[in-house]
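One structure below.
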Amino acid sequence: MKTIEGVVTKKLRVIPDDRGRLMEILRADDPFFRKFGQAYVSTTYPGVVKAWHLHRLQEDHLCCIVGTVKLVVFDAREESATYRELNEFWLGEHNPVLVVVPRLCYHGWKNVGLKESIVVDIPSEPYNYEHPDEHRLDPHDNKVIPYSWERRDA
């Protein structure tokens, strides 16, 4: 599997002390940071797939802070050296990682854990309620994206 052009991962450091834990997710001095749009959380129930969508303007900075999700990215950029490549990332409490999803790459995730997951997204653009920067596809229609969300051991 070739890493999709523009996809960046950052292993997050958890700093425990007597009071609890601290984990930085994204910093303005990260070399890949471009712009802040907003920050939000998205929860997903076990076994649920939230996919596919892409953005024409924004980059997403995704991190799962509770539970475990399988994040999948598909390169839909015809001019990209990694056009039609797929990348999978397992994110969550046991693997604290930030993934940067570039513009024009379809992405989505499935909660592969046993409890509700919480994903933090820090997109580069604020959500535009009147003209959302979003193009969606059915997560289970493999005509455009050749991917199955089923467990491989099932």
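Values computed for the structure shown
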{"quantity": "When the convex hull of its Cα atoms is projected in every direction, mean area for the range 92-144 (nm²)", "calculated": "5.4 nm²"}
{"quantity": "Unsatisfied cross-links (Cα-Cα over 29 Å) in the set K2/K115; K35/K143; K10/K143; K35/K115; K70/K143", "calculated": "K2/K115; K35/K143; K10/K143; K35/K115"}
{"quantity": "Loop trypsin sites (Lys or Arg not before Pro), the range 39-147 (other Cβ atoms within 10 Å of the site Cβ: 15 or fewer; DSSP)", "calculated": "R56, R84, K115, K143"}
{"quantity": "The range 13-68 shape via C-alpha gyration tensor axes, a/c threshold 1.5", "calculated": "oblate"}
{"quantity": "Debye intensity ratio I(q)/I(0), log10, the range 22-154, q values 0.16, 0.17, 0.18 Å⁻¹ (C-alpha model)", "calculated": "-0.84, -0.95, -1.07"}
{"quantity": "Normalised contact order of the range 1-111, rounded percent, pairs of Cα under 8 Å and 6 or more residues apart", "calculated": "40 percent"}
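Only the coordinates and a few stated rules stand behind these numbers; no lab work does. What you see is a predicted model; the values in this text were computed from it and never measured. With ideal geometry, Cβ positions are generated from the backbone for all residues, glycine too; neighbour counts draw on all protein chains shown.
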